[in-house]
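The values are calculated or read from the model by the stated rules, or taken from the named source; none is laboratory data. All values reported here derive from a predicted model rather than from experimental measurement. Cβ: placed from backbone, ideal geometry, glycine included. Neighbour counts: every protein chain shown. Accessible surface areas use protein heavy atoms only, side chains included; no ligands, DNA or RNA. Shrake-Rupley method; radii C 1.70, N 1.55, O 1.52, S 1.80 Å.
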Amino acid sequence: MTRTPLARRTTAALAATVAAATLGSTLAGCTSVESTGDKGYISGDGEVRVLEPGQREEPVDLTGTDLAGDEVDLADLRGTPVVVPVWGSWCVPCRAEAPDVVAAAEELEGEAAFVGINIRDTEGGARGFEREFDVPYPSIVDDGLALLAFTGTLTPYTVPAFVVLDEQGRIGGSILGELPSTQTLVDLVDEVARG
């Protein structure tokens, strides 16, 4: 697949995608952050946030073990944008968005790395999810503590969510809640990379 270089993509595409997603969630009566209720997690409305380079803080330091038992260190990925999807096999919105997340990972191959955080899951459930959706990237297995590396953007109960790190490993953007579309995530990565 031939892709337009990142520098030639426009902010208008991201704005249009965000506007459509926001309108859809507004019509559905969603709020920016819903209560955890009996779900055990906080679900946002898919709001997209982008931080200008001057607003970005220190690089995120996070290491962990993925489902294959391999060590993953976000510092090893500096020099390229990194998308961090937060998911659980038990999370209904995570299952609904999985095909779009996989499509974004495939579309951004060579332009951005993906490292998921699988939160409060069983090993069998997480492995089944990865097989069912043919997830092409590793995920750190977590009980919620890994999300503390994203304090100010995520809480230990924020799922589903996406954080996009810039080439220096700093938080450059986020989507809290179910991913509105593949293009939303692709555009956010492009926007953060251009930052």
Extension gain, Asp73 back to Glu109 (0.36 nm per residue minus Cα-Cα distance, nm): 11.1 nm
Computed on alpha carbon atoms, what radius of gyration and Dmax characterise region 48-195, expressed in Å? 13.7, 42
Nearest 5 percent is fine: what portion of the DSSP beta bridges confined to region 84-195 is antiparallel? 55
Per residue, accessible area of region 44-159 with a 1.4 Å probe, heavy atoms of protein chains only, in Å², comes to 47
Taking the dipole about the Cα centre of region 63-155, with the C-beta of Lys and Arg at +1 and of Asp and Glu at -1, give me whichever of Gly125, Val83, Phe114 is farthest to the positive side. Gly125
Can you give the charge dipole size of region 74-185 about its Cα centre, rounded to the nearest 20 debye, using +1 on the beta carbon of Lys and Arg and -1 on the beta carbon of Asp and Glu? 320
Kirkwood Rh (inverse of mean 1/r, distinct Cα pairs), region 52-100, angstrom: 13.5
Got a number for carbon plus sulfur as a percent of region 85-172's accessible area, 1.4 Å probe? 52
What number comes out for the charge environment of Asp142, summing +1 per Lys or Arg and -1 per Asp or Glu over other residues with Cβ under 9 Å away? -1
